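The values are calculated or read from the model by the stated rules, or taken from the named source; none is laboratory data. Values in this document were obtained by computation on a predicted structure and should not be read as measured data. Note that we place each Cβ from the backbone using ideal geometry, even for glycine, and neighbour counts take in every protein chain shown. SASA here: full protein model, heavy atoms, side chains in, ligands and nucleic acids out. Shrake-Rupley method; radii C 1.70, N 1.55, O 1.52, S 1.80 Å.
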Amino acid sequence: MSKVADSIRRGLQEALAYADGTADPRAYQVHVPATINVKAIRAKLAMTQEEFAGRFGFSVSTLRHWEQGTRQPEGPARAYLLVIDRAPETVQEALLAS
């Protein structure tokens, strides 16, 4: 078997193990980008700074600093913003459920 075919086969086996829950979770890491475009996320949701901050639990001041580039969100905030960007309705539902 060629190296390429072997690599594809291993990848498929890993994907199946991950999908059926038999993969070792320590083998997988979450990729959180070093920078997040907070303004673009907010604009995509068509919210004002006040709406976005209030809906997702940020202070308006912090949000403004991020959008102006004077500060960058740190690790957990970047991860949270990434989830907001990818699944805003789910985040909102989770926050309303508490």
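Loop-located trypsin sites (Lys or Arg not before Pro) across region 35-98 with a Cβ neighbour count of 16 or fewer within 10 Å are 71, with loop assigned by DSSP. A 1.4 Å probe run over the chain, with the rest of the protein chains in place, finds 72 Å² accessible per residue. Largest to smallest in accessible area, the residues 16, 96, 45, 63 fall in the order 96, 16, 45, 63 (1.4 Å probe, all protein chains included). Counting other Cβ atoms within 10 Å, which chymotrypsin sites (Phe, Trp or Tyr not before Pro) in region 1-95 have at most 12 and lie in a DSSP loop? Counting only loop positions with at most 12 other Cβ atoms within 10 Å, the chymotrypsin sites (Phe, Trp or Tyr not before Pro) in region 1-95 are 28. Within the accessible area of the chain, the carbon and sulfur atoms contribute 56%, probe 1.4 Å, all protein chains present.
The GluC sites (Glu not before Pro) found in region 1-92 that occupy coil by DSSP, while having at most 15 further C-beta atoms within 10 Å, are 74. For region 5-98, treating each Cα as an identical point scatterer without solvent, what Debye log10 I(q)/I(0) comes out at q = 0.24 1/Å? The Cα Debye sum returns log10 ratios of -1.21.
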